[in-house]
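One structure below.
Derivation of every value follows stated rules applied to the coordinates shown; laboratory data play no part. A quick note: this is a predicted structure, and the numbers were derived from the prediction, not measured. Heads up, the Cβs are rebuilt from the backbone with ideal geometry, glycines too, and the neighbour counts pull from every protein chain shown.
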Amino acid sequence: MKVTLKIKRFNPEVDKKPHWESYTVEVEPTDRVLDALHEVKWTQDGTLALRRSCAHGICGSDAMRINGRNMLACKTLVKDVAQEGGTITVEPILGLPVLKDLIVDMEPFFAHYRAVMPYLVNNDPLPANGRERLQSPADRARYDDTTKCILCACCTTSCPSFWARGEYVGPAAIVQAHRFIFDSRDQAAEERLRILSEPDGVWRCRTVFNCTEACPRGIQVTKAIGEVKEVLRTGVIQ
Amino acid sequence: MPQYHQFDALVVGAGGAGLMAALHASQRVKTAVISKLYPTRSHTGTAQGGISAALGNLEEDHWEWHAYDTIKGGDFLCDQDAVEIMCREAIDAVIELEHMGLPFDRTPDGRISQRRFGGHTNNITKKPVMRACHAADRTGHMILQTLYQQCIKQNVTFFDEFQVIDLLVDDGKCNGVVAVQLATGEVHVFHSKATLIATGGFGKMWKVTSNAHSLTGDLPAAVLRRGLPLEDMEFFQFHPTGVYKLGILLSEAARGEGAVFINGKGERFMARYMPTLKDLAPRDICSRYIYKEIREGRGVDGKDYVYLDFRPEVINRYFEEDGNPKRIDAHYLETRLPDIIEFARVYQGIDPITQPVPIQPTAHYAMGGIPTNNDTEVLADETGRVVEGLYAAGEVACVSVHGANRLGTNSLVDLVVFGKRGGIRMAEYAKQASFRPINKDAAAAQASAQLERIRNSNGNERPHAIRKEMQEVMDEHVGVYRTGAGLEEALDKIHELQERYKHIRIDDKGYKWNTDLMEAWELGNLLDLAEVTAYSALWRCESRGGHFREDYPNRDDVNFLKHSMVWKNGKLEIKSKPVRITRYQPEERKY
């Protein structure tokens, strides 16, 4: 099928501000939007810049705004976002500085990630038998949803609170905090909750649900944020 | 003027092996990690089914059984002392990952859950054994995340999105690397005492592959350019269950949970070929029989694919036929295999719970690579002489623990065990070594010249066209079935493409985020590795593991129970070295 990709372009070595360019390509309906972008890059305009790696929705490199919604280009099929002869608009994700075309500066995003202590803290001696710590299947299931995060930034850069204020830690960092707060092996929930109770922490969330809709891993992001808020309100992790 | 950095230890690549090395090296010496991707984008994250270790959490198991299975799976080309190290240390490595916080699935009593995987057996009954420790079908994702989390905790230094262009090797010693910062195009010289290469595979030389776009073999190609050899390059694994046409991997865990191969006549054909392990035979064997079925007209609808069937009623029917009392349902599969079920739904529009899934073998894993000894030190030749200060671990390395065919889950075992060994070893070396002098301007100029030649090249060849032709010829002649004539044709074609590559033209002449330039440069690396792969495959006139020659269909232990080592100094040169055998004598491989 024939589709037109309308892509927001910005070359820092040439342009003062971004502009739109359109490219018409021939693709299969079941091709990924990433395939269509590669078709542009490889056969029409090699200057188009984007990040991508695994091409099947696991590495989290190619988050972008496709027809106004945050998606992974490699997990979105052309037929689901365009009809024959139609147009697909592609822009960089919002709220992070654009470096070139579809590539944004991810550093502010990862700085928020690092701020919530995204690692297991357990200062008890290791089991004397040299084996694993025990965790019941139910305790393991408690935080399963938030272990799926691939740090693609689809959620954080779909959030109006984050657009309004980049200092807000954002949904992805809260998801990471949730993954450890609810892990029965972890002992640093208190410290993480203190970080998240600060003005740019979890209370900036206005429960808009954009993050949940945007998550390519199907994580119930808003629910996870709500659970963290609930712990802050009640002081009880359950 | 290039930017200049100095570290005791440098790790290139931030997947499982690189991060594991970085964690252990940074506890001992000043360490930095350089990666062309953000670390969490690394391909370790796509590993699905599990990481094997003889924990024996669900049934009797021993690391010696794991070692035997690995050696037999590798068609007796593995270096057996290395395999023994890997399988013995796998147990502590998996426990260490759990202690770091890895969210393994659990048994009812809270221990790490384990499942069956291809080629992993109880050595007495010969039946499949539950050895693969798993976290749903996203075990690699959990390993990558957990290791990166620990690196954050330890405040490891990262240079993210830096492409390493050259290795500084002088007088048989490695003194660091030269890299380009993708965001700026600036050249950075990294001066080190010890450098570890952990950049993963290079499957992008094939068209149908499970590999990421970034897996272009940049460092193995740099090793070749520096006059050092690569080992066993003819051995590349074709995983039997790739999504038809796309190559996206559908984990062997599906078969571990009971899925079966079905041909166009509705037959479970693996039971015919491998009566004991059936669908859980090792990957090289399954891939060969899938193509045999297709060639003999038993593909689905006469086409070039078969089904992977994991509908619950089908799994249960074969459980019953096999005398296995286990029964499963849709909910069980959705919990154990959520990602691959989603892949089929998203990319094929097929629901595996109600429909069988079209699959074909997909280029998956490099058994060969940069030769190392058991301490991850890179080897300069077939005698075991090491390149001082240079190390390699994980898929990019050839220890060799996988021999001619890797067993499922052993990639993850390899990268945690040898990543850790490498990190410790390089740090110990760096502690007692001093910085050797380098000429940083000359080093930077030499690396820049590689890029400037492409940036300024004004030919009329498009990199994409060359890449496509390379991938097509590799799929056709350097795949599951090979012949001498086909390999010679492939080699001729690659030489033609290398010649045309000298006359390429790119569109982007800039410096900031010039992905056009980087892709073109990566293509040059792939072409060099494709050439070496076809050349090594032509040399090996036998069939062993993942390398099957139709003109030499049998294994030939008299002439080829040895590793290949290939150099490219002007022209290609091949030598060999013996396989190290400890306690497992080569035998016919039956399952």
When residues of region A:113-127 are limited to those that are touching a residue at least 24 places away in the same chain (Cβ under 8 Å) and hydrophobic (A, V, I, L, M, F, W, C), the one nearest to the other protein chains (Cβ to nearest Cβ): A:120
Looking at region B:330-351, which of its residues are part of a loop (DSSP other than H, G, I, E, B) and touching a residue at least 60 places away in the same chain (Cβ under 8 Å)? B:337
Does any residue of region B:116-128 turn out to be touching a Ser or Thr at 6+ places or on another chain (Cβ under 8 Å), assigned to a strand (DSSP E or B) and either more than 14 Å from every other protein chain (Cβ to nearest Cβ) or crowded, with 22+ Cβ neighbours inside 10 Å (or both)? yes
In region A:8-32, residues that are more than 10 Å from every other protein chain (Cβ to nearest Cβ), more than 16 Å from residue A:87 (Cα to Cα) and exposed (fewer than 13 other Cβ atoms within 10 Å of the Cβ) total 4
Answer yes or no: is there a residue in region B:413-420 that is under 28 Å from the mean Cα position of the chain (by Cα) and acidic (Asp, Glu). yes
Are any residues in region B:357-375 in contact with a Leu (Cβ under 7 Å, 6 or more places away or on another chain) and part of a loop (DSSP other than H, G, I, E, B), and if so, which ones? B:368, B:373
Residue set A:57, A:130; condition within 8 Å of chain B (Cβ to nearest Cβ) and touching a residue at least 24 places away in the same chain (Cβ under 8 Å); output residue A:57
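Conditions (1) part of a helix (DSSP H, G or I); (2) more than 14 Å from every other protein chain (Cβ to nearest Cβ), marked per residue:
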| site | (1), (2) |
| --- | --- |
| A:179 | yes, no |
| A:183 | no, no |
| A:186 | no, no |
| A:192 | yes, no |
| A:198 | no, yes |
| A:207 | no, yes |
| A:212 | yes, yes |
| A:219 | no, no |
| A:225 | yes, yes |
For residue A:48: the one exception among (1) outside any helix (DSSP H, G or I); (2) more than 9 Å from chain B (Cβ to nearest Cβ); (3) not basic (Lys, Arg): (2)
Mind listing whichever residues of region B:507-530 are crowded, with 21+ Cβ neighbours inside 10 Å and not in a helix (DSSP H, G or I)? B:508, B:513, B:514
Hey, could you check region A:60-105 for residues that are among the acidic types (Asp, Glu) and within 10 Å of chain B (Cβ to nearest Cβ) and say which is nearest to residue A:170 (Cα to Cα)? A:105
Can you tell me which residue within region A:133-147, out of those that are facing chain B (nearest Cβ under 7 Å) and assigned to a helix (DSSP H, G or I), is surrounded by the most Cβ atoms within 10 Å (Cβ to Cβ)? A:147
Out of region B:95-105, which residues are within 8 Å of chain A (Cβ to nearest Cβ) and either at negative phi or without any contact (Cβ under 8 Å) to a residue 12 or more places away in the chain (or both)? B:95, B:98, B:99, B:100, B:103, B:104, B:105
Taking region B:261-278 as the region of interest, how many residues are in a loop (DSSP other than H, G, I, E, B) and surrounded by fewer than 17 Cβ atoms within 10 Å (Cβ to Cβ)? 5
